[in-house]
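The values are calculated or read from the model by the stated rules, or taken from the named source; none is laboratory data. What you are looking at is a predicted structure, and each value in this text was computed from that prediction instead of being measured. Methodologically, a virtual Cβ is constructed for each residue, glycine included, from the backbone with ideal geometry; neighbour enumeration extends over all protein chains shown. Calculation scope for accessible area: heavy atoms of the full protein, side chains included, ligands and nucleic acids excluded. Shrake-Rupley method; radii C 1.70, N 1.55, O 1.52, S 1.80 Å.
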Amino acid sequence: SSSSSSSSSLPSTKLPVKPIPGDYGLHFFGPIRDRLAYFYNEGRDKFFANRIQKYQSTVFKTNMPPGPPIASCSHVICLLDAISFSVLFDASKVEKRDVLDGTFLPSLAYTGGHRVCAYLDPSEPKHTSLKSFFLSTLAARHHKFIPFFQIGLSELFNELEAQISTKKEAYFNTLSDTMTFNYVFRLFCNKNPSETKIGSQGPKLVDKWLLFQLAPLGSLGLSPKILGYFEDILLRTFSFPFFLVKSDYKKLYDVFYEFGSSVLDEAENEFGIERDEACHNLIFLAGFNAYGGMKVLFPGLIKWVALAGQTLHQRLADEIRAVIKAEGGVTLSALNKMVLAKSVIYEYLRIDPPVPFQYGKAKVDLVVESHDVAFEIKKGEMIFGYQPFATKDPKIFVDPEEFVADRFVGEEGEKLLKYVYWSNERETEDSTAENKACAGKNLVVLLCRVLLVEFFLRYDTFQVEASTFMFAPSVTFKSLTKASS
């Protein structure tokens with residue numbers, strides 16, 4: 001598969017080395033062919049499944065959106081099994097510079113002209129100071145994580161009940177977005193956003209800012225196909241210019257600059273980060289990483305728990321209420337004793353990770369192993385992992401397409417946690433200043449647990465209608481049964 005001179009400098013492997021199957025097609029037309037297949041002709045999951053079938057391989061070459069004319073090169077080597085995917089976590093082999101959104105980089109005007117931490121490779125000195133600043137900021141607020149979230153959940157549940165009683169249904173996403181933005185803002189700025197000049201507009205301002213950056217990567221799922229093709233031209237011929245959201249972003253910047261002053265003081269004094277740059281990074285952390293992630297995370301969790309049915313609801317309610325009664329409240333110690341609730345969260349993050357894509361460029365010539373074959377990847381080639389396939393690898397997980405609530409319970413279950421990859425790292429690894437793992441990975445798991453706990457302390461069971469819109473599950477509550485005990 002390669003000349004002896006090049007293979008002698010590559011790491012050795014006991015597996016047979018094969019050429020990577022697949023092709024990029026004709027210049028310009030190949031990427032557009034794949035993009036139309038991905039969004040409209042096949043759909044996302046079918047796009048990958050069909051190519052696994054065609055090439056009889058979980059590693060292959062393809063193009064990823066947005067492609068030309070927005071992205072000059074859309075070529076990727078796709079990794080779709082649990083073994084090969086993990087190379088994306090290895091900072092010595094894979095560079096994470098400017099690959100957050102894959103093969104294209106939105107205008108830096110969206111982040112005040114700065115390459116924020118999410119766009120930096122760990123080898124860049126600024127990455128260490130910014131990520132350390134994030135980890136320190138979160139650590140200093142750990143005592144607020146649960147109580148602030150409980151306040152938000154209480155407001156959300158009251159609103160949910162009010163809407164169901166008057167309209168017979170309640171759209172969860174809008175309520176969840178409001179609760180999430182308020183929580184994140186309170187956490188970093190110690191203020192309710194309604195007491196600032198953005199009032200209740202926070203989610204709308206961030207949504208617009210996010211949409212304009214990420215539009216080339218999304219689709220409304222229009223049919224008939226002819227409408228889809230029209231949408232494709234609309235979303236992927238030009239990047240959306242920043243001036244369309246400039247005034248919205250300025251409002252966000254002003255309130256974070258004013259009310260996040262203690263956080264920005266720490267960035268300047270402890271980590272030597274210039275105040276303006278720290279503020280743009282704080283907005284990205286709060287708006288893109290935290291709010292943007294939870295915008296997908298919480299509706300997804302509600303959807304999967306709802307679909308799992310009343311038997312699971314009963315088991316969760318029983319476990320949660322018994323532990324809370326014994327522990328005397330919702331504490332970290334109590335949450336850690338809820339083995340079923342913990343497993344449910346990990347199973348959700350496995351089956352439907354909120355951020356499904358990972359990208360990186362090969363730093364060196366390297367050999368990537370899947371289960372039974374190895375492949376050579378050349379320095380500079382873009383590597384892409386579609387996580388829902390890696391975390392539904394049938395050679396790792398039994399019934400991988402099924403939501404198995406107690407999959408991660410017990411010793412054998414816990415051994416599988418190293419294959420849960422949702423945070424840009426194995427679930428068994430910590431986020432550090434030297435890696436690209438989500439700075440708030442432990443907070444995300446904690447908040448998901450608290451959401452389940454508070455929900456089942458208050459309700460016995462519930463029903464929803466779920467669909468998908470753009471990047472997120474869309475969830476409407478149809479019924480809600482209050483706790484009987």
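Given a 1.4 angstrom probe, what's the average accessible area per residue across the stretch 17-482, in square angstrom? Can you show the working numbers first?
Values: 19260 Å² over 466 residues.
On a per-residue basis, 41 Å².
Listed highest first by mean packing, meaning other Cβ atoms within 10 Å per residue, what order do 143-149, 295-301, 100-106 come in?
295-301, 100-106, 143-149
Step through the residues of the stretch 453-463 one at a time and calculate ³J(HN,Hα) from phi using the Karplus curve (6.51 cos²θ - 1.76 cosθ + 1.60, θ = phi - 60°), rounding each to whole Hz and writing x for Gly and Pro.
With coefficients 6.51, -1.76 and 1.60, one gets 4, 5, 5, 7, 6, 9, 10, 8, 7, 6, 9 Hz.
Within the set of other residues whose C-beta is less than 13 Å from the C-beta of residue 219, count the net charge using Lys and Arg as +1 and Asp and Glu as -1.
Value of the local net charge: +1.
For 350, 44, give me the order by solvent-accessible area with a 1.4 Å probe, most accessible first, ignoring ligands, DNA and RNA.
Details: 350 0, 44 95 Å².
Greatest to least solvent exposure: 44, 350.
Report, to the nearest 10°, how far helix 292-308 tilts away from the longest principal axis of the Cα atoms in the chain, using its own Cα long axis and a range of 0 to 90°.
On a 0 to 90 degree scale, this one is about 80.
So which lysines pass the test for residue 478, namely a Cα distance under 16 Å, with those fewer than 8 places away in the same chain ruled out?
167, 168, 303
Could you grab the relative contact order for the chain? Cα pairs under 8 Å, six or more apart, rounded to a whole percent.
Numbers: 748 pairs, mean separation 112.9, N = 485.
Reported relative contact order: 23 percent.
State the label only: which of [x] 22.7, 74; [y] 22.6, 84; [z] 24.3, 77 corresponds to Rg and Dmax of the Cα atoms in Å computed from the shown model?
Computed from the coordinates, Rg and Dmax of the Cα atoms in Å corresponds to [x].
Would you kindly derive the ³J(HN,Hα) couplings of the stretch 349-357 from the backbone phi angles with the Karplus curve 6.51 cos²θ - 1.76 cosθ + 1.60 (θ = phi - 60°), listing them in order in whole Hz, with x for Gly and Pro?
5, 6, 7, 8, x, x, 10, x, 10
On C-alpha positions alone, give me the angle between the axis of helix 145-167 and the longest principal axis of the chain, in degrees, nearest 10.
80 degrees
Carbon and sulfur: what percent of the stretch 17-482's accessible surface (1.4 Å probe)?
On the way: 10710 of 19260 Å².
Roughly 56 percent of what the probe reaches on the stretch 17-482 is carbon or sulfur.
Any idea what the relative contact order of the stretch 1-142 is, in percent, if you count C-alpha pairs under 8 Å spaced at least 6 apart?
16 percent
Among 108-121, 388-401, how do they line up from the highest to the lowest mean number of other beta-carbon atoms within 10 Å?
Descending mean neighbour count gives 108-121, 388-401.
Counting only other residues whose beta carbon sits under 10 Å from that of residue 74, what net charge do I get with K and R as +1, D and E as -1?
Around residue 74, the surrounding residues sum to 0.
Would you please give the residues with an amide H less than 5 Å from that of residue 62, counting only those at least 5 places away or on a separate chain, with H modeled from the backbone geometry?
Hits under the 5 Å cutoff: 76, 78.
Tell me, what HN-Hα J-couplings in whole Hz come from the Karplus equation 6.51 cos²θ - 1.76 cosθ + 1.60 at θ = phi - 60° for each residue of the stretch 211-222, using x for Gly and Pro?
4, 5, 6, 9, 3, x, 9, x, 8, 7, x, 6
Taking +1 at the Cβ of each Lys and Arg and -1 at the Cβ of each Asp and Glu, which of 179, 152, 194 sits farthest along the dipole of the stretch 99-200 towards its positive end, judged by Cα position relative to the Cα centre?
Final value for the positive-end residue is 194.
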